[in-house]
Amino acid sequence: MSTTRPYPPGDRGHEPSGASGVSGSSGEDAPAGAAMASVTGAAAPPSPTDTGGAETPRGRQVRRLGLEGASGVVPLARDFTRQALYDWGWLPAAGAEQRAAAEDVLLVVSELVTNACLHAEGPDELALACDNKVIRLEVTDRGAGQPAPRTPHRAGRPGGHGMFIVQRLCLDWGVVRAEGRPGKTVWAELGAPA
């Protein structure tokens, strides 16, 4: 697992602006048909703007949620992610494997947003990007720290489990820092259910 590689492994090609931690929020680089939903400090997730409701996404789908200055950011991020999973066909789960995959995504979102709250002055944005193989989660914050799993991991003790959980559940994860700007984007990728 890499914690500093600025891009994921594999051959998924160019990512939409912002999905890789690079600045830009217009979504102009998103493939045709990839809708973006954006909420800033809202109490509930927006109405879906993707085509297809419960269909499996075609191409790359991207959603963003502004969290800067919002209260209750962890449940807000989970609700936003849950709605995206419904829209992208991960939920309602058809079986145990699909249900477990959706629960893993929600847990990783919770851990990344919680870490930004505890260690990085709070999150600024949550970005979700999904294709038919991988979902990528990104939490942007203004913190200077470097997230890392606590070692040695002490399973029976409270606290310090967040990045250990992320490392165990994800295909890969890392940190992207934008030149000339404070903060970072912590990203994690999970495989889509079969």
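Computed from the coordinates by the stated procedures, all read-outs in this text should not be read as laboratory data. The shown structure was predicted, so the numbers you read here are calculated from the model rather than taken from an experiment. Ideal geometry is used to build each Cβ from the backbone, glycine not excepted, and the neighbour counts take in all protein chains shown.
Brief remarks on what is shown
- Neighbour net charge for PRO92 - beta-carbon separation under 13 angstrom, K R +1, D E -1: 0
- Between THR114 and GLN167, the distance separating the two model label sites (each 7 Å from Cα on the Cα→Cβ line) works out to 1.7 nm.
- Here is the list for region 99-194: trypsin sites (Lys or Arg not before Pro) lying in DSSP coil, each with at most 12 other C-beta atoms within 10 angstrom of its C-beta, are LYS133, ARG154.
- Each label was represented as a point 7 Å from its Cα along the Cα-to-Cβ direction; for ARG177 and ASN132 these points are 3.9 nm apart.
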